[in-house]
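Novice: Input: one structure, supplied below.
Read the figures in this text as sums done on the coordinates, not as results from a lab. This is a predicted model, so every value here is computed, not measured. All Cβ positions, even for glycine, are placed from backbone atoms using ideal geometry, and neighbour counts span all protein chains on display.
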Amino acid sequence: MLNFLVKRLFGLLPTLAIVAVLVFLFVHLLPGDPARLAAGPEADDATVALVRADLGLDKPMPTQFANFFVKIAHGDFGISTRSKRPVSTEIGERFMPTLLLTLVSMVWATAIGMAIGIASAVWRNRWPDRLGMTIAVSGISFPAFALGMLLMEIFSVKLGWLPVVPDGTWKSYVLPSLTLGAAVAAVMARFTRASFVEVLNEDFVRTARAKGVHEPMVVLKHCLRNAMIPVVTMMGAAVRLPARRLDRRRGRVQLAGARPPAGRCGDDARLPGDPGDRAAVLAGIHPDQPDRRRAVRGHQPDHPVQVRPA
């Protein structure tokens with residue numbers, strides 16, 4: 001097992017190297033001059049040249065890539081031109097809450113999904129089965145951000161049981177984890193039901209029942225262990241859902257709950273050449289289509305000056 005893990009880890013190195021090269025080239029192909037955008041629209045050529053030298057953009061591209069690759073090998077992703085803070089700090093502040101939220105949502109989604117799937121399989125074609133599959137289909141179909149707003153309206157605004165804005169306690173993770181885990185729990189329920197229905201028709205189950213074993217023991221001891229084989233495989237694939245299909249959902253849910261998502265790091269790194277943009281891609285938390293309109297239009301201040309009439 002250890003040798004297998006070591007081989008898989010070493011197999012990731014060529015992939016990461018190729019991703020680093022492609023990300024570096026794509027960022028340099030984006031429109032706009034990073035130095036001029038970082039210096040501001042009113043900066044003169046001398047100031048732009050100083051900013052370009054400070055960012056290391058005055059060096060040849062192979063030299064820039066070599067410096068970039070050496071720094072990321074040491075965990076140094078540079079300084080963000082947007083926030084003037086280390087990129088590793090920017091990602092770290094958002095990554096741990098997102099990771100904890102993902103783990104909590106996966107735990108409850110697995111427990112609830114398996115419970116619904118087992119009940120639907122045991123009472124197949126009866127009202128528990130129909131109710132469970134209706135809930136599963138609703139969980140897959142209902143948008144995550146809309147479900148989050150609905151839960152906040154009921155449990156936070158109306159009942160006042162849970163906080164709307166995160167306060168640092170475990171209650172802050174209840175609503176976001178329920179919202180994000182709804183789709184995973186629905187898929188888990190349908191997958192568990194299909195696996196259990198197949199196991200319930202096996203010969204060893206009929207033999208256990210013929211020997212007089214109680215039905216709960218047949219389900220929990222004999223059927224559960226055999227039905228869990230494909231379910232565990234699906235659980236491993238479901239862990240990757242938050243990084244792919246649920247990435248945008250998590251961002252919307254966390255933003256709705258006033259929690260900065262990790263995927264927002266790549267979206268906030270809008271200036272071409274911002275190290276946060278490349279670091280977010282390498283960390284696997286970059287959104288699918290980041291907003292580049294700000295880079296095309298030019299520098300736009302975060303707080304525009306408002307001219308009031310005299």
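Novice: With a 10 Å radius around each residue's Cβ, average the other Cβ atoms per peptide and rank 163-170, 219-226, 32-39, highest first.
Specialist: 32-39, 219-226, 163-170
Novice: Another question about this same structure. Which ³J(HN,Hα) values in Hz, rounded to whole numbers, follow from the phi angles of segment 215-226 under the Karplus curve 6.51 cos²θ - 1.76 cosθ + 1.60, where θ = phi - 60° and Gly and Pro get x?
Specialist: 4, x, 5, 5, 6, 7, 9, 8, 7, 4, 5, 7
Novice: Describe numerically, in nm with one decimal, the distance between label points set 7 Å from Cα along Cα→Cβ at Met96 and at Met228.
Specialist: 3.2 nm
Novice: Go ahead and run the numbers for FRET between Ala73 and Lys171, Cβ-Cβ distance against an R0 of 45 Å, rounding to 0.05.
Specialist: 0.65
Novice: Work out the FRET efficiency for Lys211 and Val107 from their Cβ-Cβ distance, taking R0 = 30 Å, and round it to the nearest 0.05.
Specialist: Here the calculated transfer efficiency is 0.30.
Novice: For the pair Val137/Asp54, report the inter-label distance in nm, with labels modelled 7 Å from Cα in the Cβ direction.
Specialist: Those two pseudo-labels are separated by 6.0 nm.
Novice: A further question on this structure: Please sort by residue number the GluC sites (Glu not before Pro) in segment 41-143 whose DSSP state is loop and whose Cβ has at most 11 other Cβ atoms within 10 Å.
Specialist: In loop regions of segment 41-143 (DSSP not H, G, I, E or B), the sparsely surrounded GluC sites (Glu not before Pro) are Glu42.
Novice: Follow-up question, since we're still on this one. Please work out the Cα center distance from segment 1-55 to segment 120-174, rounded to the nearest Å.
Specialist: Result: 40 Å between the Cα centres.
Novice: Could you order peptides 108-119, 135-146, 207-218 by the average number of other Cβ atoms within 10 Å of their residues, highest first?
Specialist: 108-119, 135-146, 207-218
Novice: In nanometres, what is the gap between the two model label sites at Asn3 and Asp203, each 7 Å from Cα along Cα-to-Cβ?
Specialist: 3.6 nm
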